Each structure stands twice: as C-alpha cells, then as structure tokens.
Amino acid sequence: MKALRLLPLWTVLLAVWPAAAQQPQQLGAITDKAAFLSAAMSEFLSDSRAFTATGELRVTSAQGESPMTLPFTVAMLNGRMRWDLNLTQAGSPVPAESMDLLKQIGLDRIVLLMAPNEKMLVAFPTMKAYLEQTMPKDQAIEDKAVNKLGRFVKTPLGKETIDGHPCMKYRLSDPKDTSGKEQAVVWQAEDLNDLPIRLYVKAQDDAYDFRFKRVRMGNPDERVFARPVGFTKHESTDSLMAAIMAKSLGEGGLKGLLGGQ
C-alpha cells in the first residue's frame, strides 16, 4: 500500500482537471473519481519496481474538449520516483500563448522528486529554482482508494502486443460498482517481468490513458534522485512567484504578463 500514499497528487489533479468548470457541489463525485484513479494507479505503479521510461498521459474530458496529452520521463527505485514534465510539449486545450507565457516565466519544465515519508521536491529547471512541499493528502480519498483496491477483481482479457511487448491484458473492477462509470484495464508486459506498461481508466465519464515507452528495467542512476545543484530554494509558492515577477520585470516582461496591455 505504500505506493498509494504517493499517488494522491496525481490522482487529485487528474480528477479535477476535466471537472474544473463544474460547480462546487460536484466535489463528492470528484472525490470518488480520484479514489478510483488512485486505486487503479497503485496497481500500475508498484513501488517495488525499478526502471526508467518515457511515457505519455492522455486525458479525454467528459466536457467534450480536445484531449490533453502530456509526455513525461520517469525513474523509479525503492519507492522513490522522479517525473520530468515539459509542458510546452503537451497537446491540450491550453492556448499556445499560454504555453509561451509559461516558457517566458520559467514554468515550462517541472521535475517532481518523491519518496516515502519525505517532502516532495518540485524543481523548475528553466528558473533554476525549487520548492519542498508536504505531499498532499486527502484522508477521504485514501480511505476510499484502499477500500476499492481491497475489493478489486482482476480478470484476464487475453493477450495483446503493446509497442512490441507481448502483454497480458486484465480488467480491474470493483464488484460493488454497478454504475458502469468506473472501468480500468491494465497491460502487463511479459518480457519486462510483468511490468504494467499501459493503464486505461474511465472514471465518471472521463478517460485517462497512461503509457510507458522505451522501458529500461533495472536500477536508475542514483544521481537522478539527487537534489538539484545550483538551484535557488524557495520557502513558499509566494516566494517563487515573487522571483518570477522580479525576473519578468527585469527582462521587460511586464507587457507579456499583463496580456499585452
């Protein structure tokens, strides 16, 4: 269950993103969605794995927007994880000018370093800055996720080849869910020691498709989990935003930050 405690950051963000335009009274549905995502992803991201990979997340929203795609690289070792995200490579409904602004202010690249019982380190390589943050935790989501994971039935669906890897395909289901709105399918690569390399989750009409590519099994270089050297540590998000504003003003970026006014 240790992996479960590393996942709420992702699952809450994934659950909230397609529902951003919904009303506050939809919070209960969002909590249920995040719980199912967390349970399904715990099957996908076992903290006993050691590997490096590139990958992509594709999110299809129930609101009918264009799918969001986010490429990433990941390294995992003994419960530690490193995620590298380049937001300018994402394909999403976010306007191109917004992506340009992210690059201008130095928030286009993000590195997440996570480990059990430690604060999460969020680094911004373009800015050479980082924050340490307590891992977000929602007890209601965790409790529901643990309950769902404990009830999961894993049903074989046959074999399928994913990116050249022969896989066993399984459905993950909660017998207590009769709505049909929660579905999960995982593909485990037989030539990679049954590593799950794809996970498709449908939760509350939104679909999430995780894929690992270019997988290399074995221990990553320990240096990938090291704290960034030569980066400025900020004690809070406010401190980071103040540094962003100062940098932008110093480079004549005020016009860009104000939308060209």
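The values are calculated or read from the model by the stated rules, or taken from the named source; none is laboratory data. Note that the structure is a prediction, hence the values are computed from the model and not measured. Cβ coordinates were reconstructed from backbone atoms using ideal geometry, including for glycine residues, and neighbour counts include every protein chain displayed. Remember, those area values only see protein heavy atoms, side chains included, never the ligands or the DNA or RNA. Shrake-Rupley method; radii C 1.70, N 1.55, O 1.52, S 1.80 Å.
Sorting 108-121, 214-227 by average packing, meaning the other beta carbons within 10 Å per residue, from highest down gives 108-121, 214-227.
Between amide H atoms placed 1.01 Å from N, distances below 5 Å from Thr126 occur with Arg109, all of them 5 or more places distant or on a separate chain. Tell me whether region 175-250 comes out rounded, prolate or oblate; compute the Cα gyration tensor, take square roots of the eigenvalues as a ≥ b ≥ c, and use a/c under 1.5 as the rounded threshold. Cα axes put region 175-250 in the oblate bin.
Exposure check, 1.4 Å probe, all protein chains in place: Asp163 carries approximately 90 Å² of accessible surface.
For Asp209, the shell of other residues with beta-carbons less than 12 Å away shows a net charge of +2, using +1 for Lys and Arg and -1 for Asp and Glu. May I ask for the net charge around Gly55, where only other residues with Cβ less than 10 Å from the Cβ of Gly55 are counted and Lys, Arg are +1 while Asp, Glu are -1? With Lys, Arg at +1 and Asp, Glu at -1, the neighbours total +3.
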